[in-house]
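Engineer: First the structure, which I've put down as structure tokens, then a few questions once you've had a look.
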Amino acid sequence: MRNQSGMIFPITVVVSFFFLLAFSHVLELYQVEMESIAYEQQSYEVDSIMQMAVFDVKKQIASFPDLQGNEGVFVYPIGKANYKWEKIDETKVKALIFARSDGGIRYSATFIVLFPSLDIIEWTENNS
């Protein structure tokens, strides 16, 4: 057998380098996963804002049946929603809601509501 002195250190360095690469890859995967979880949470928040705003707009339409239209802002703990609604005719109301979470995720939709039943008969999501 030949003398193998001096081979242990380079092999140790190479193996350590591969462990370091694997560890850094796992850390990167963890970071991407945390970012996607944060985005998903913000998406749920903006969806909740939209649901609350739709409810509030429908409540406002029912409260003021003589009004021809209205616009404004609803402020919620997790974001805000700008809204605008107007009567199309005596039985239909068209509403536009632009919701934005505190994290910056935006969601916009236009819908038509039957009056006085307040049933949504058409829903269109806008690109925002």
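Engineer: Rounded to the nearest 500, what is the chain's calculated 222 nm mean residue ellipticity when only DSSP H runs of at least 4 contribute -39500 (n - 2.57) each, over all residues?
Structural biologist: Value at 222 nm, helices only, nearest 500: -16500 deg cm²/dmol.
Engineer: Among Ile97, Tyr76, Ser43, pick out the residue whose Cα is farthest towards the positive end of the charge dipole of the chain, where Lys and Arg carry +1 and Asp and Glu carry -1 on C-beta, about the Cα centre.
Structural biologist: The Cα lying farthest towards the positive end belongs to Ser43.
Engineer: Hey, another quick one. When the convex hull of the C-alpha atoms of the range 1-64 is computed, what volume per residue in Å³ does it have?
Structural biologist: Spread over its residues, the Cα hull of the range 1-64 gives 41 Å³ apiece.
Engineer: Something else now. Please state the relative contact order of the chain as a whole percent: Cα pairs under 8 Å, 6+ residues apart?
Structural biologist: 17
Engineer: Take the Cα radius of gyration of the chain and divide it by 2.2 N^0.38 Å, with N its residue count; two decimals is plenty.
Structural biologist: With N residues counted in the chain, Rg over 2.2 N^0.38 Å equals 2.00.
Engineer: Inverting the mean 1/r over all pairs of different Cα atoms, compute the Kirkwood radius of the range 74-128 and quote it in Å.
Structural biologist: 12.0
Engineer: Follow-up question, since we're still on this one. If I build a Gaussian network model for the chain, linking alpha-carbon pairs within less than 10 angstrom, which residue out of Ala53, Ala99, Ala38 has the largest mean-square fluctuation?
Structural biologist: Maximum fluctuation in the GNM of the chain, among the listed residues, is at Ala38.
Engineer: Which listed residue (Pro65, Ile8, Thr110) has the Cα farthest towards the positive end of the charge dipole for the chain, taking +1 on Lys and Arg C-beta and -1 on Asp and Glu C-beta about the Cα centre?
Structural biologist: So the residue furthest toward the plus end is Ile8.
Engineer: Is there a quick way to get the dipole size of the range 8-126? I mean about its Cα centre, with the Cβ of Lys and Arg at +1 and of Asp and Glu at -1; what is the value in debye to the nearest 20?
Structural biologist: 200
Read-outs throughout are calculated quantities, based only on the coordinates presented, and are distinct from any laboratory measurement. Just so you know, these numbers come straight off a predicted model, no measurement behind them. Please note: Cβ atoms are built from the backbone with ideal geometry, for glycine as well, and neighbour counts cover all protein chains shown.
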